[in-house]
Amino acid sequence: MRIGYFQFDKTNPYQLKFYDAVSKAGGEVVALPRKTLFPLRAIGDVDILHLDWLHPFYASRRGRIVSLAKTESALHHLKRLKKNGRPKLVHTVHNLVSHDSYLGSKQERRIMQRFLSLIDSFAVFCTPVFERLCAEFDIRVDQRCYVVPHGHFIDSYQPAESQQQSRTSLGLPGDVPIVLFFGLLRENKGILDLLEVFPRVHQQSGAVLVVAGYGAPPNVDQALQQPHEFLRVFPGRVDETQVSTFFSAADVVALPFRSILNSSSAILAASMGKFSVMPEIPSVYANLDPAAILTYTTGDQSALRQSLLTAVAMPRAELCKLGDQARRFASSNLCWSRTGQLAMQMYRATLEA
């Protein structure tokens, strides 16, 4: 069985691990360069065309008119594939709308509905994702859905030094609680909420907030440049050799999402053996050890502040114990070999339907 997919980023850890797992499970994986997207001849002879993120098919930085033209072109080619009956179209539901859309929300949802109507099978990381998909879009009864969990990142980064060594390496204090915010600095990730509540968290606990990330819009960048006693900022992409150092240095990982469907950051935190604070969004934590997370009402800054205070007040030995438990849970329940096998079962069922 030949499975084609568009390689949007050669360093994307999810795509690298997922399609490697599919290959090890017996699939013949064909990486299609992003720049070729269409015409159809670029796809070649594949049985399954697996579409990950859909927004590259319609989003354009050159404005609304170009985005709409790009949309119609992509839909035209996908409809031709659908008419031909091969390859079958599979889509992993990473998000419901793009976080970087240049279109209005209503217009983007209309576009997404048109793309989703062409899909033969959906892959979701957990059942709550499919529930949200069905709540927000019209999904037909003949469109099948399969749970294919996002795998862990336990073996993705080199082992960390001790917490004290990691803090020394990063120039961080060794005797105070440290809360880590790691990754993309988009507003929907809740970084502004975190900056808003942390002065009182610091005042009451002495905790320090470490922000290591990139992609900040101007307002977030401006907020991060303000001098604060509680804040340490490491701007830009963190080198892969340093990822484990940041997590090792931290006591707690903050994931204060405002709106999100799935989170590889939550899986990364568990893979790194860290206790996490996150909002009550079931699709984010459905596959994680519930004992190693503390949730609060989404969008409630007061609840976020109190949850952070509760977390940093926990004995460090207890946080380490729960973090180790989170890692073991991820290792057992989110192994990539199982993900690859489930993906192959999905592909076979899709071809047989």
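The values are calculated or read from the model by the stated rules, or taken from the named source; none is laboratory data. Quick caveat, the model's predicted, so the values are computed rather than measured. Heads up, the Cβs are rebuilt from the backbone with ideal geometry, glycines too, and the neighbour counts pull from every protein chain shown. Heads up: the accessible areas ignore ligands, DNA and RNA and are worked out on the full protein's heavy atoms, side chains in. Shrake-Rupley method; radii C 1.70, N 1.55, O 1.52, S 1.80 Å.
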Checklist outcome for this item: Largest-first ranking of Ser156, Ser307 by accessible area, probe 1.4 Å, whole protein assembly kept, is Ser156, Ser307
Checklist entry - the range 137-157 to the range 275-353: how many Å between their Cα centroids? => result 15 Å
Checklist outcome for this item: Summing -39500 (n - 2.57) over every DSSP H run of at least 4 residues in the chain and dividing by its residue count gives a helix-only mean residue ellipticity at 222 nm, to the nearest 500 deg cm²/dmol, of -13500 deg cm²/dmol
Item to check | For the range 130-289: relative contact order, % (alpha-carbon pairs under 8 angstrom, 6 or more apart) | outcome: 28 percent
Item to check | Interatomic Cα distance distribution for the range 92-246, bins of 10 angstrom, percent | outcome: 9, 27, 27, 23, 12, 2
Checklist entry - So which of Lys17/Lys274; Lys24/Lys88; Lys24/Lys79; Lys17/Lys88; Lys70/Lys106; Lys106/Lys189 end up more than 24 Å apart by C-alpha? => result Lys24/Lys79
Checklist entry - Give me the log10 of I(q) over I(0) for the chain at q = 0.08, 0.10, 0.12, 0.14 Å⁻¹, as the Debye formula computes it from C-alpha points; what are the numbers? => result -0.42, -0.65, -0.91, -1.18
Checklist outcome for this item: Of the accessible area of the range 46-147, computed with a 1.4 Å probe and all protein chains kept, carbon and sulfur make up a percent value of 52 percent
Checklist entry - For the chain, what is the percent of antiparallel DSSP beta bridges, rounded to the nearest 5? => result 0 percent
Checklist entry - Where does helix 127-136 land angle-wise versus the long Cα axis of the chain, in degrees 0 to 90, nearest 10? => result 70 degrees
Checklist entry - Of the peptides 112-121, 168-177, how do they stack up when ordered by the mean number of other Cβ atoms within 10 Å, highest first? => result 112-121, 168-177
Item to check | Probe 1.4 Å, protein heavy atoms only - accessible area per residue of the chain in square angstrom | outcome: 45 Å²
Checklist outcome for this item: The percentage of the accessible area of the range 219-353 (probe 1.4 Å, all protein chains present) made up of carbon and sulfur atoms, to the nearest whole number, is 48 percent
Next on the checklist: Between Lys10 and Asp324, what's the calculated FRET efficiency when r is the beta-carbon distance and R0 is 35 Å? Round to 0.05.
Outcome noted: 0.60
Next on the checklist: For the chain, take the longest principal axis of its alpha carbons; what is the angle in degrees between that and the long axis of helix 191-205, to the nearest 10 within 0 to 90?
Outcome noted: 20 degrees
Item to check | Ranked by how many other beta carbons lie within 10 Å on average, peptides 249-261, 290-302 from highest | outcome: 249-261, 290-302
Checklist entry - By average Cβ neighbour count within 10 Å, what is the ranking of 51-58, 272-279 from highest down? => result 272-279, 51-58
Next on the checklist: Suppose a student asked you for the relative contact order of the chain, using Cα pairs under 8 Å spaced at least 6 residues apart; what percent would you report?
Outcome noted: 18 percent
Checklist outcome for this item: If one compares the long axis through the Cα atoms of helix 13-24 with the longest principal axis of the Cα atoms of the chain, the angle in degrees, nearest 10, works out at 50 degrees
Checklist outcome for this item: Semi-axes a, b, c in Å (a largest) for the range 229-343, each sqrt of 5 times a Cα gyration tensor eigenvalue, come to 22, 18, 16
